[in-house]
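First up is the structure itself, then whatever we jot down about it.
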Amino acid sequence: MIKENKKIYNIIVLVLLSVFVILYRLVLYKHLLAYSEAISTAFIMLFAGLLVLFYGFRKHNSIKWTDKFFKATFFVIILYFIVIYLFGISSGFLRNAYSLKIDAIIDNMIYPVLIIIFTEIARYVFIKGNKNNLLLIILFNILLIIFDTNFYIKMDSFGSFNSTFEFITITIIPIALKNIVCSYAAYYSDYKSALVYRGFTELYIYLAPIQPNLDKLFVSISSMMLPFMLLMLYSGIIENQSESHNKSKKVMRLSDIPLFLLVVLMVCVIFGIGPFKLIGIETPSMTPKYKVGDGVIVDKNVNKDELKVGDVIAYYDKDNKLIVHRIININIDESFTTKGDYNNTADSGFVKKDQIFGIVRFKIPWIAYPSLIFRK
């Protein structure tokens, strides 16, 4: 009977959270945006209370793990802020856009603070109540990631290929990693480490008089590096404290570092940091070689004097938009005539060398589809 009730509770919880994240996009964001934060706060408070009613509030048994997780989190967060503010010495600082008056701080922080607290209580209670059901925990975590992401989606987040991938790398991936860290801490410890982690990283913007003027690439990488470091420390604590040293408990190992480096490399390519940049194909003008939804890797370090007929290049048109077309003729003045493979006629106007961004080296099929799916 208890198991049957628990199944019913799990279904209710997952359905409620799913329905809310859908309603947020369809109703709150479009028609009640001014009240969306207040409504979201009320929902997560009631949601956390419902979970406590269903599963109870179980105190974590291992004080050693809880204390070590808390200290590790605090140490890494302090180190993180030291690093980003040291970088701010070279990149410069910006004054806080939020008012630092006491009443303004309270007004700005009240909803974020409540959302963080009750989200982590809900996470902790649900995970402790379903600790033997990893699949259910993963599903719940995915819903929390969507719930969290909803607050950051803007009208132009999926407006183009580049904006889509910027949103993915700057917002979605860090949010996903943050939620994984918080769920890991809740599974092995309690909710206090997650509160420290989220409290410092999400609320300091309302309190700091100055903030480092960091570029998007650094923000993206640092936002991913922080949870990776925490996962490594947490898994080390678990292994050291576990009597059995069961390898299956490892979540982050040295062998996982290449995965992190791969993510960093992907971010660099998307933002065009270094010699290569990923560009999405948004029109059928280069069909069948490059189809709508494909991504192409563009080499920016190409020798423009060595370009020849048949090369596919990326260049800026008069509207400063990147176009991927093929060179069909090199003119006397060393400008280029270009054409889309699918087009019947050549492009209007010639492409000068200073317009050329780079040469296409290879493609990644279908990778640009997210930007097409979400496009208005």
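Checking each residue in the stretch 286-303 for being of a type outside the set (D, E) and surrounded by 15 or more Cβ atoms within 10 Å (Cβ to Cβ) picks out M286, T287, K289, Y290, K291, V292, G293, G295, V296, I297, V298, V302. Just one of the numbered conditions (1) part of a loop (DSSP other than H, G, I, E, B); (2) under 25 Å from the mean Cα position of the chain (by Cα) is not true of K30: (1).
Residue by residue, here is whether (1) farther than 26 Å from K6 by Cα; (2) touching a helix residue (DSSP H, G or I) at 6+ places or on another chain (Cβ under 8 Å); (3) at pLDDT 90 or above holds:
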site	(1), (2), (3)
P112	yes, yes, yes
I117	no, yes, yes
A122	no, yes, yes
V125	no, yes, yes
I138	no, no, yes
N141	no, yes, yes
T149	yes, yes, no
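I'd like the residue in the stretch 168-224 that is in a helix (DSSP H, G or I) and among the aromatic types (F, W, Y) and, out of all such residues, is farthest from the chain's Cα centre (by Cα). My answer is Y188. For S99, the conditions (1) within 18 Å of G199 (Cα to Cα); (2) modelled with pLDDT under 95 are fulfilled apart from (1). Scanning the stretch 286-333 for residues that are part of a loop (DSSP other than H, G, I, E, B) and of a type in the set (G, A, S) yields G293, G310. Specify the residue that is modelled with the lowest pLDDT; the eligible residues are those in the stretch 356-376 that are of a type outside the set (A, V, I, L, M) and farther than 13 Å from V324 by Cβ. Among them, the one singled out is K376. Residues that are out of contact with any Phe, Trp or Tyr (no Cβ under 8 Å at 6 or more places or on another chain), in contact (Cβ under 8 Å) with a residue 12 or more places away in the chain and of a type in the set (D, E, K, R) are absent from the stretch 27-34 altogether. Does T66 qualify as being of a type in the set (S, T, Y), modelled with pLDDT of 90 or more and assigned by TED's automatic domain parsing to the domain that holds N213? When the stated conditions are applied, T66 does not pass them. Of I356, I332, I313, I364, all but one fail to be loosely packed, with under 14 Cβ neighbours inside 10 Å and in contact (Cβ under 8 Å) with a residue 40 or more places away in the chain; the exception is I364.
Take F69 and decide whether it is touching a residue at least 60 places away in the same chain (Cβ under 8 Å) and within 26 Å of the chain's Cα centre (by Cα). For F69, the condition - touching a residue at least 60 places away in the same chain (Cβ under 8 Å) and within 26 Å of the chain's Cα centre (by Cα) - is met.
Going by what's in this entry, would Y29 be described as at pLDDT 80 or above, farther than 18 Å from A122 by Cα and either crowded, with 19+ Cβ neighbours inside 10 Å or not aliphatic (A, V, I, L, M) (or both)? Judged against the criteria, Y29 is not a match.
The values are calculated or read from the model by the stated rules, or taken from the named source; none is laboratory data. Fair warning: this is a prediction, and the values are worked out from it, not measured in the lab. Cβ: placed from backbone, ideal geometry, glycine included. Neighbour counts: every protein chain shown.
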